[in-house]
Amino acid sequence: MSAEIDLSCFPIHRRHNSPDPGKTYVWALMDYLLRDRAGSVGIDAACDFFKSFKYFRTERYVGVDCNKETLIRGMGMFPQGEALLSRLENLELTENSADVILSTHTLQYFAPEQIVDICAMFTRAVKSDGLLLVHVPNNECVPGLQQLFDKAFHMVQRLHVGHLLSRIFVKLFCKIGVFGNTPLYNSRPIYFLSRIVARTERRSSLKSSLGRQSRILFVCMDKKEKKSDRELILPDKDQSTGIHVFNSDLLENRS
C-alpha cells in the first residue's frame with residue numbers, strides 16, 4: 001500500500017461557499033493542497049469557465065474543456081490563463097510536464113474504462129514531485145484506479161465525499177432540490193449550514209463505511225518512477241478565439 005497523507009484538519013470558510021456540502025469540502029481541500037504548489041504548470045481538467053482558477057498558485061494555468069463558449073468566458077474573466085479545447089477521453093498531455101493536475105465533478109460522466117484511461121494519462125503527465133487530484137464515482141472503476149495510483153505514487157489518499165447528511169442537504173437546498181426555487185437557495189444561512197455539514201465530511205472522509213454511495217477523491221503525490229521534467233507543449237491556437245485546439249471539430253459548436 002502507498003503511504004497516506006495527513007488531511008485530518010484544514011480550514012473551511014466562506015471562500016469555499018456552495019449549497020452542496022460535498023463541493024464545499026472538495027473546494028476547501030483543493031485550496032489547502034494547492035496553496036503551496038507554486039510550480040510552473042497547473043492543469044484544470046474540465047475547467048468549465050476556469051472555475052478553479054483562484055486555487056492555483058502555478059505560473060501557468062491551463063484550463064481544459066470541451067465547450068468552446070465556457071473557455072472563452074473563462075479567458076475573459078482570467079486573461080492570464082490558457083485554454084485548451086479537447087475532450088478528456090481524446091487528450092494526451094506531455095509526459096512529466098505538470099506540477100498540478102486537477103479534475104473534479106466531471107469523471108462521473110464517463111464509462112469506468114474511460115475513467116481509468118484518463119487517469120492513466122494524468123499519471124503520465126504529472127511531474128515526479130507533482131500533485132494529482134481526481135474526483136471519481138464510487139463504482140467499479142475505483143479498484144482499477146487504486147491499483148493504478150498505488151503502482152505509480154508513493155503517497156496516495158482515498159477520500160469519500162458525499163455522505164448521507166450531505167446528500168439529504170443537496171436534495172433539500174440545492175438548485176434542483178425541494179427548496180431550490182425559493183429565497184432559501186443561495187442564501188447566507190444555507191451557505192453557513194453547508195459549511196457546517198462540510199466539516200462533518202472532513203471527519204468522515206476516511207471512513208468508507210459512511211460513504212458507500214459517495215464519490216471518491218484521490219490525492220496522489222511523489223511518483224515512484226523519477227523522470228526529468230519536460231515542458232508542456234500545447235497544440236496551436238485558433239486565431240479567432242485564442243484557444244489552443246486539440247479537437248478541431250469542437251470549434252464547430254454553436255457560438
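Going highest first, how would you order 40-47, 17-24 by mean Cβ packing within 10 Å?
Details: 40-47: 24.6, 17-24: 23.0.
Ranked by mean Cβ neighbours within 10 Å, highest first: 40-47, 17-24.
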Considering only N90, C66, H163, whose Cα is most displaced toward the positive end of the charge dipole of the range 14-252, charges sitting on Cβ of Lys, Arg (+1) and Asp, Glu (-1)?
H163
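Neighbouring Cβ atoms within 10 Å as the yardstick, rank V161, V116 fewest first.
Starting with the residue having the fewest Cβ neighbours, the order is V116, V161.
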Lys, Arg +1 and Asp, Glu -1 on Cβ, resulting dipole of the range 14-252 about Cα centre, debye, nearest 20
1440 debye
If a paramagnetic tag sat 7 Å from the Cα of Q147 along the Cα-Cβ line, which residues of the range 78-112 would have the backbone N under 17 Å from that point?
112
Alpha carbon Rg of the chain, scaled by the compact-globule rule 2.2 N^0.38 Å
1.00
Based on DSSP H runs of at least 4 residues, each adding -39500 (n - 2.57), what is the mean residue ellipticity at 222 nm of the chain after dividing by all its residues, to the nearest 500 deg cm²/dmol?
-9500 deg cm²/dmol
Residue farthest toward the positive end of the dipole of the range 35-114, with Cβ of Lys/Arg at +1 and Asp/Glu at -1: which of Q114, M77, A45?
M77
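Rounded to the nearest 0.05, what FRET efficiency is calculated for N181 and Y32 with R0 set to 25 Å and r the Cβ-Cβ distance? Write out the running numbers ahead of the final one.
Details: r = 34 Å, r/R0 = 1.35.
My answer for the efficiency is 0.15.
Over 20 Å between C-alpha atoms is what I'm after, so list which of K23/K175; K23/K171; K23/K224; K151/K226; K68/K237; K23/K54 land there.
Long pairs (Cα-Cα over 20 Å): K23/K224.
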Stretch gain in nm, segment N139-E69, where the contour uses 0.36 nm per residue and the Cα spacing is subtracted
22.1 nm
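Compute the FRET efficiency between F192 and S228 as 1/(1 + (r/R0)^6), taking r as their Cβ-Cβ distance and R0 = 45 Å, and round to the nearest 0.05. Walk me through the numbers on the way to the answer.
Numbers: r = 48 Å, r/R0 = 1.07.
Working from the Cβ atoms, E equals 0.40.
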Tell me which aspartates and glutamates have Cα within less than 14 Å of K127's Cα, excluding those fewer than 8 residues away on the same chain?
E95, D99, D222, E225, D229, E231
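Every read-out reported here was derived from the displayed coordinates using simple, explicitly stated rules and does not represent laboratory data. All values derive from a computational prediction rather than experimental measurement. We place every Cβ from the backbone using ideal geometry, glycine too, and count neighbours over all the protein chains shown.
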